[in-house]
Structures are given as structure tokens and as C-alpha cells.
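Visitor: Quick one: this structure, given as C-alpha cells, is what I'll be asking you about.
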Amino acid sequence: MIIAPSLLAANFARLDREVGRAARSGAEWLHLDIMDGHFVPNLSFGPDIVRAVRPLTRQFLDVHLMCSRPEILLEPFAKAGADQLTVHVELGTRVDALLWKIRSLGIKAGLAINPPTPMHTVRPYLKTIDLLLVMTVNPGFGGQSFIHEAVPKIQQAALWQEELQLAYRIEVDGGINVETAHECAVAGADTFVSGTGLFRQPHMASAVRRMRRAVENAGQRRALTPPVPIGAT
Ligand code: DX5
Ligand code: ZN
């Protein structure tokens, strides 16, 4: 299991201190949300922030590109120190070339799917990705409520992983707290992004511990109840 605090919920005025909190929290990854004001109705930050963060932590930098033209950003983010770049399946016919380009930069490649997008769209790429990001809110803003309708997609992702004997991670992002992390873990998620649920807690390390425990408990439940996807495709 991997826990990834999302920097979007940090206090940007104290970025070094915030990155330090995450680095000492026990979380394995740091999630960085890149928004271009076009693919999503918000702006966040660019490669320079990744470059500034890189020397401050040993965490794996998980960069989520919510951008209409990721083509122009892949190399700058890889050079800035990203360990993984995730692009959205909603970009359609460009996805293949984007994933190929990410891998050719020597880093891991992720594919994200928004809540309204049907799961069959990610099916052709499963053999070529390191991670499938099932969005559990409509991307663009932190602090939104978890969309429960996304849970069958996690089950479908886990089912395909097993059927096809693939090792891609199943990441969830949006409205993740102790309760929703548990629900996603029961469905088959193994990687948990959380902004508000971790950065906005006074003690991030204890919040990470609580989330880890909730996910571990779900592992036991999952062994008893195999996933049954309903309307997931
Ligand atoms: C949403 C972003 C998320 C965001 C999650 O567009 O992709 O990574 O930071 O924030 P919370 O955990 O507050 O919903
Ligand atoms: Zn994200």
C-alpha cells in the first residue's frame, strides 16, 4: 500500500516546511497536481515547483497532469525530478504516444480516468501502464466530496489486474479520508492520494497512520468478499 499526500492542500506560503511535514509523515509518495486552466477550471503550478521540491524529500514524486497539452510538459517535468507522470484517458487518440513518451524519458507512466468516463476507454492501455488513477472526484479542486459511484470502477480495475496478471497500481484521488480509503481498499485500490485528509490535519504522521490502519483492515475484508463489479464498464 502507498499513501500519497497531495501538495495542493499544503500552505503554499510555507512550502519547504509543508514538504518536510509530508517527508516525515511516513507516506511513501508525494502527489503533485498540475492544472492548466483548460482541462480543468483551475491553475496550480509547473515544473519549477517540482524542481524546488525535489531536493527537500526522498519521496517518490507522483505528478498528475490535468492538462490539455501534456505533450509540451512531459520533458520539463521529467527533468525537474518527477518519478511518474500521469496523463488522462480523456485525451483520446493521443494517449498512446503520451505513454510511450513518458516511458522513453525513463520514468513511470500513469493513466487517469475521470468519474463520467467509461472504464472500457482505459482497457487498451492496461498492459503499458504502471498505474491506473481512478478519480473519485471531478478534478480541479481539493476538498470535494468523494463520489461513491466511482467504486465499481476500482473493482473493475482490480478484476482486470487479476485476469490479465498485470501489476499496475490502482490509485484513488479525491475526497480520500480514513473512511473512503477503507471503502476504496475493499474495492481493490492500493495507492491513496489525499490532500485535505492529510495536509489539513494538525499531525500528518498520525493521520497517515490512521489511514494505513484503515486500509490494512480492508485487506482482511477484501479476502472474504471478492469484488463484483456492477455497471463498471
Ligand atoms: C483533484 C486533485 C487531487 C486533490 C485531492 O483535482 O487531483 O489530487 O489534491 O484533494 P482532496 O484530497 O482534498 O480531495
Ligand atoms: Zn491529483
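The values are calculated or read from the model by the stated rules, or taken from the named source; none is laboratory data. Here the structure is a predicted model, which means the values were calculated and not measured. We place every Cβ from the backbone using ideal geometry, glycine too, and count neighbours over all the protein chains shown. Side chains included, ligands, DNA and RNA excluded: accessible areas come from the protein's heavy atoms. Shrake-Rupley method; radii C 1.70, N 1.55, O 1.52, S 1.80 Å.
Visitor: Please go through (1) within 16 Å of ligand 1 (Cβ to nearest atom); (2) open to solvent by 50 Å² or more (accessible area, probe 1.4 Å); (3) not acidic (D, E) for P118 and return the number of the only condition it doesn't satisfy.
Guide: Of (1) within 16 Å of ligand 1 (Cβ to nearest atom); (2) open to solvent by 50 Å² or more (accessible area, probe 1.4 Å); (3) not acidic (D, E), only one is false for P118: (1).
Visitor: Quick one: which residue in G140, G106 is at pLDDT 95 or above, within 18 Å of L61 (Cβ to Cβ) and surrounded by fewer than 20 Cβ atoms within 10 Å (Cβ to Cβ)?
Guide: On the way: G140 fails: within 18 Å of L61 (Cβ to Cβ).
Just a single option satisfies the conditions, and that option is G106.
Visitor: Go through (1) crowded, with 17+ Cβ neighbours inside 10 Å; (2) part of a loop (DSSP other than H, G, I, E, B) one by one and return the number of the condition L8 breaks.
Guide: Result: L8 fails condition (2) only.
Visitor: Residues P139, P202, P152: which one is part of a helix (DSSP H, G or I) and not hydrophobic (A, V, I, L, M, F, W, C)? Walk me through it before giving the result.
Guide: On the way: P139 fails: part of a helix (DSSP H, G or I); P202 fails: part of a helix (DSSP H, G or I).
None of the other options fit; the residue is P152.
Visitor: I've got another one for you. Residue check, G219 against (1) of a type outside the set (S, T, N, Q); (2) over 24 Å from Q84 (Cβ atoms); (3) modelled with pLDDT under 95, all met but one. Which one?
Guide: Evaluating G219 over (1) of a type outside the set (S, T, N, Q); (2) over 24 Å from Q84 (Cβ atoms); (3) modelled with pLDDT under 95 leaves (2) as the failure.
Visitor: Any residue that is open to solvent by less than 10 Å² (accessible area, probe 1.4 Å), over 16 Å from the mean Cα position of the chain (by Cα) and within 20 Å of G143 (Cα to Cα) - is there at least one of those in the range 194-205?
Guide: Taking every residue of the range 194-205 in turn, at least one turns out to be open to solvent by less than 10 Å² (accessible area, probe 1.4 Å), over 16 Å from the mean Cα position of the chain (by Cα) and within 20 Å of G143 (Cα to Cα).
Visitor: Looking at (1) within 14 Å of ligand 2 (Cβ to nearest atom); (2) within 30 Å of S206 (Cβ to Cβ); (3) out of contact with any His (no Cβ under 7 Å at 6 or more places or on another chain); (4) open to solvent by less than 20 Å² (accessible area, probe 1.4 Å), find the lone condition where A158 falls short.
Guide: Checking A158 against (1) within 14 Å of ligand 2 (Cβ to nearest atom); (2) within 30 Å of S206 (Cβ to Cβ); (3) out of contact with any His (no Cβ under 7 Å at 6 or more places or on another chain); (4) open to solvent by less than 20 Å² (accessible area, probe 1.4 Å), the one that fails is (1).
Visitor: Give the number of residues within the range 31-75 that are assigned to a loop (DSSP other than H, G, I, E, B) and hydrophobic (A, V, I, L, M, F, W, C).
Guide: In the first step, residues of the range 31-75 are kept if they are assigned to a loop (DSSP other than H, G, I, E, B); the result is 37-42, 44-46, 57-59, 67-69, 73.
Cutting the leftovers down to hydrophobic (A, V, I, L, M, F, W, C) gives us 39-40, 45, 67, 73.
Of the residues in the range 31-75, 5 are assigned to a loop (DSSP other than H, G, I, E, B) and hydrophobic (A, V, I, L, M, F, W, C).
Visitor: Let me ask something else. In the range 11-36, which residue that is within 14 Å of ligand 1 (Cβ to nearest atom) and among the aliphatic types (A, V, I, L, M) is surrounded by the fewest Cβ atoms within 10 Å (Cβ to Cβ)?
Guide: Looking at the filtered set, the residue picked out is M35.
Visitor: Looking only at the range 167-188, which residues are open to solvent by less than 40 Å² (accessible area, probe 1.4 Å), assigned to a loop (DSSP other than H, G, I, E, B) and away from ligand 2 (no atom under 16 Å from the Cβ)?
Guide: Narrowing the range 167-188 to residues open to solvent by less than 40 Å² (accessible area, probe 1.4 Å): 168, 170-176, 180-181, 184-188.
The next check asks that each one be assigned to a loop (DSSP other than H, G, I, E, B); those that pass are 168, 174-176, 188.
Selection gives Y168, G188.
Visitor: Pairs only if they're at least six apart or on different chains, beta carbon under 6 angstrom, first in the range 63-75 and without any contact (Cβ under 8 Å) to a residue 60 or more places away in the chain, second part of a helix (DSSP H, G or I) and of a type outside the set (A, V, I, L, M, F, W, C); list them, first residue then second.
Guide: Every condition considered, the pairs that remain are L74/K101.
Visitor: Any residue in the range 61-68 that is of a type in the set (D, E, K, R) and open to solvent by 50 Å² or more (accessible area, probe 1.4 Å)? First the steps, then the outcome.
Guide: Residues of the range 61-68 that are of a type in the set (D, E, K, R), as a first pass: 62.
After this cut, where a residue has to be open to solvent by 50 Å² or more (accessible area, probe 1.4 Å) as well, the list is none.
There is no residue in the range 61-68 that is of a type in the set (D, E, K, R) and open to solvent by 50 Å² or more (accessible area, probe 1.4 Å).
Visitor: Within the range 155-185, count every residue that is on the phi > 0 side of the Ramachandran plot and within 15 Å of ligand 1 (Cβ to nearest atom).
Guide: Quick first cut of the range 155-185, residues on the phi > 0 side of the Ramachandran plot only: 165, 174-175.
Still in the running and within 15 Å of ligand 1 (Cβ to nearest atom): 174-175.
Here the count works out to 2.
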